[in-house]
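The structure appears below as structure tokens.
Here, each number is a calculation from the coordinates, and none is a lab measurement. Everything quoted here is computed from the prediction, not taken from an experiment.
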Amino acid sequence: MTSPFARIEPYDRSRHAEGPWQVVAAVFDEYGFPFAAFDYDADLREPEQWYPPDRGGMAVAVDGAGDVVGCVAVEGNPGGVFELHRLYVLARARRRGIGEALVRWAVARARELGGVALVAYSDIAFTDAHRLYERLGFRRFRFRYAPDPWRSREWGFRLDLASAQSQAAPPTAIACEAKSGSRSAK
Ligand SMILES: CC(C)(COP(=O)(O)OP(=O)(O)OC[C@H]1O[C@@H](n2cnc3c(N)ncnc32)[C@H](O)[C@@H]1OP(=O)(O)O)[C@@H](O)C(=O)NCCC(=O)NCCS
């Protein structure tokens, strides 16, 4: 028997509080990345200010215990190119489809707002995310040094929202089911 493992919900401070901040801080700790809570990473303290729903928004993945275990944000001008930000899932919740559901939520939001494309920049260390983006139809289109204090090395990924593959995005709330017969982690 399977049971719903997590739900994707638009961020709501009254229910999700500092959940996104805690998820990203934990993943940065895992990767040994510095976390600048009051500087470069300050968006996570005020998601509603940085990612307002009328320009995209932030979503969280909430597990059966009510804990925030993942997040994603999307931001852009209606009718233009949107950018996906802050895709993170806690290590303990990975490989259950939550990351894919979060990306699909971002794709759906960008499309709802008339976006022509969705781009994501990702540190070269995040190879799990690169496979995920390419599996969902994004193409790797550029390399850059990020505009952050560390000049992080990043790959850029782009999904043209008119393409057939991106039409598969589901509605904004998704229940992730833990599938039976799990594959082993790489
Ligand atoms: C990238 C990241 C968000 C993916 O999250 P996730 O929840 O593990 O993503 P998914 O579960 O949708 O997919 C991951 C893998 O699990 C597999 N999977 C999905 N559901 C599964 C299930 N029920 N059973 C077994 N495997 C499953 C997917 O096929 C995928 O396999 P692959 O990596 O071999 O291609 C997560 O690994 C993460 O936070 N990494 C560190 C931070 C990061 O890279 N962030 C991106 C910044 S741009």
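Results, tabulated for the structure shown:
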quantity: Expected-Rg normalisation [2.2 N^0.38 Å, Cα atoms] applied to region 102-162; calculated: 1.15
quantity: Region 4-177 - percent relative contact order, Cα under 8 Å, separation 6 or more; calculated: 23
quantity: Long-range Cα-Cα pairs in region 4-177 (distance over 28 Å), rounded percent; calculated: 14
